[in-house]
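The values are calculated or read from the model by the stated rules, or taken from the named source; none is laboratory data. Source: prediction; values computed, not measured. A quick note on method: Cβ atoms are made from the backbone with ideal geometry, for glycine too, and the neighbour counts reach across all protein chains shown. Accessible surface is based on the protein model in full, side chains and every heavy atom, while ligands, DNA and RNA are left aside. Shrake-Rupley method; radii C 1.70, N 1.55, O 1.52, S 1.80 Å.
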Amino acid sequence: MGKANFRVAGAMALLLIVANLAVAWIWDLPVRDPDGVVVPTYVRLPVIVLLAFLVDVVPRAVWAAWGHPGSLPSALVGVARRRWDRAHVVFMLSGLGAWYVCYATFRNLKSYVPFVNHHIWDATLARVDRLLWFGHDPATVLHAVFGTGLAAHFFSAVYIAWIGLIPVTLAIALVWTRNRVKGAWYVTAIAFDWVLGVAVYYLVPTLGPIYTAPDNFAALAHTDVTTIEQQLLDERIAVLADPWATQAVQTIAAFASLHVGMMMTICLIAELVHVRRSWRTLAWVFFSLTVLATVYLGWHFFVDTLGGMALGAAGVWLGAMATGNLDGFRPRLATAEEDQAPEFSDSASTAA
């Protein structure tokens, strides 16, 4: 049977903690809260969990008490007890904890890359791109096809939308689903993505086309991504100048593309756990747009997207192995358990 737990994800989290502390000690580097410059983690995570809980409980309680406002308090208590038994609370907290430790240590280890491996592979990857695109630069081709005005704003929106997508999918997997085997598989696969991603960053350090060939992107309209790109460059300069004098972390790395990798993980998991066809189609469309956006905007070389696809697929397979969802060597959901239907069918009299 599938294993609805996060033992392997937790083991990876511990492994990354050891690696994080070891690299920080050997190279005399600080350990930072990767998002602490904006909102501290101890504030942000509880707020996210509370919001996800309310979105899970409140609409169901309102529906159950529809037409009987006085029954709303009892409906809220009833839905909370039904949806949030001890097993699901433990599942959600352990999954969120394992995922966040992997994420936070990944961000710190990524920040250390320039201190550990000084080689930059951008020139090599640019040559590979031109080979794959028959002598042409992929980003230049996309600029010619889509233009450099409205398309820049569109692809910027796609890129920024991705940033919010991962928390939403985690909320689905940890809070809203009641098939914990599916949720454990997805969250563990994402944890593997972090581990594989940071390993590749150390092996193949890169900056990305926007930083090594900025003239190729000078014609693009100014977008929110333009601001982010400059902010990340400023943070990299500050960290390299004196990592102890700033709270920022260095986050520039191109190979492989984790944007593409995690979208591949999302799409493959959606297929393997039999998500509704319309949602699977939407996921693949967004995956395609993410590939185009990362190359068009200069975040990644085209070959980075291929590396990301391989990384995301590997994360799914390793996650399947870790959660008991392998049939031989083939990833396959190992339980027939189905998500519970939402309690929108509860009658007001039952809630009362």
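Being among the polar types (S, T, N, Q) and within 19 Å of Thr227 (Cα to Cα) is the filter here, so list the residues in region 126-181 that pass it.
Thr148, Ser156 - these are the residues of region 126-181 that are among the polar types (S, T, N, Q) and within 19 Å of Thr227 (Cα to Cα).
Would a scan of region 231-239 turn up a residue that is exposed (fewer than 15 other Cβ atoms within 10 Å of the Cβ) and not charged (D, E, K, R)? Break it down stepwise before answering.
First pass over region 231-239, keeping only residues exposed (fewer than 15 other Cβ atoms within 10 Å of the Cβ): 231, 234, 237.
In the following step, the residues that additionally are not charged (D, E, K, R) were identified as 231, 237.
Looking through region 231-239, at least one residue is exposed (fewer than 15 other Cβ atoms within 10 Å of the Cβ) and not charged (D, E, K, R).
Please verify whether Ser111 is at pLDDT 90 or above and hydroxyl-bearing (Ser, Thr, Tyr), treating the condition exactly as stated.
Spelling it out, Ser111 is indeed at pLDDT 90 or above and hydroxyl-bearing (Ser, Thr, Tyr).
Out of region 101-141, which residues are over 24 Å from Gln247 (Cβ atoms) and open to solvent by less than 30 Å² (accessible area, probe 1.4 Å)?
Across region 101-141, the qualifying residues are Asp122, Leu125, Asp129, Pro138, Ala139.
Among the residues of region 142-161, write down those that are in a helix (DSSP H, G or I), among the β-branched types (Val, Ile, Thr) and open to solvent by 20 Å² or more (accessible area, probe 1.4 Å).
Val145, Ile160
With (1) out of contact with any Cys (no Cβ under 7 Å at 6 or more places or on another chain); (2) surrounded by fewer than 20 Cβ atoms within 10 Å (Cβ to Cβ); (3) among the hydrophobic types (A, V, I, L, M, F, W, C); (4) farther than 26 Å from Tyr202 by Cα as the list, and Trp284 as the residue in question, which single condition is left unmet?
Single failed check for Trp284: (1).
When region 269-281 is examined, which residues are found to be open to solvent by 20 Å² or more (accessible area, probe 1.4 Å) and in contact (Cβ under 8 Å) with a residue 60 or more places away in the chain? Please lay out each step first, then the result.
So in region 269-281, the residues open to solvent by 20 Å² or more (accessible area, probe 1.4 Å) come out as 271-272, 274-281.
Selection gives Leu272 alone.
Would you check which residues across region 162-181 are touching a residue at least 40 places away in the same chain (Cβ under 8 Å), of a type outside the set (Lys, Arg) and open to solvent by less than 50 Å² (accessible area, probe 1.4 Å) and list them? Break it down stepwise before answering.
If we filter region 162-181 for residues that are touching a residue at least 40 places away in the same chain (Cβ under 8 Å), which is where we start, we get 162, 165-167, 169-171, 173-181.
Adding the requirement that they be of a type outside the set (Lys, Arg) leaves 162, 165-167, 169-171, 173-177, 179, 181.
Across region 162-181, the qualifying residues are Trp162, Leu165, Ile166, Thr169, Leu170, Ala171, Ala173, Leu174, Val175, Thr177, Asn179, Val181.
Are there any pairs with C-beta distances below 7 angstrom linking a residue in region 251-267 that is among the polar types (S, T, N, Q) to a residue that is open to solvent by less than 20 Å² (accessible area, probe 1.4 Å) and part of a loop (DSSP other than H, G, I, E, B), with the two at least 6 apart or on different chains, and if so which?
Correct list of pairs: Ser257/His300.
Report, ordered by the first and then the second residue, all pairs with beta carbons closer than 6 Å, sequence separation of six or more or different chains, a first member in region 15-30 that is under 18 Å from Gln247 (Cβ atoms) and part of a helix (DSSP H, G or I), and a second member that is hydrophobic (A, V, I, L, M, F, W, C) and open to solvent by less than 60 Å² (accessible area, probe 1.4 Å).
Here the result reads Asn20/Leu109, each pair linking region 15-30 to a residue that is hydrophobic (A, V, I, L, M, F, W, C) and open to solvent by less than 60 Å² (accessible area, probe 1.4 Å).
So, in region 20-54, exactly how many residues are surrounded by 13 or more Cβ atoms within 10 Å (Cβ to Cβ) and among the hydroxyl-bearing types (Ser, Thr, Tyr)?
1
If you check Val57, Val89, Val62, Val77, which single one turns out to be without any contact (Cβ under 8 Å) to a residue 40 or more places away in the chain, part of a helix (DSSP H, G or I) and open to solvent by less than 40 Å² (accessible area, probe 1.4 Å)?
Testing whether each residue is without any contact (Cβ under 8 Å) to a residue 40 or more places away in the chain, part of a helix (DSSP H, G or I) and open to solvent by less than 40 Å² (accessible area, probe 1.4 Å) leaves just Val57.
I need a count of the residues in region 308-332 that are within 28 Å of Leu233 (Cβ to Cβ) and surrounded by 23 or more Cβ atoms within 10 Å (Cβ to Cβ).
Residues meeting the conditions: 3.
Can you report the number of residues in region 240-258 which are crowded, with 24+ Cβ neighbours inside 10 Å and part of a helix (DSSP H, G or I)?
So the count comes out to 1.
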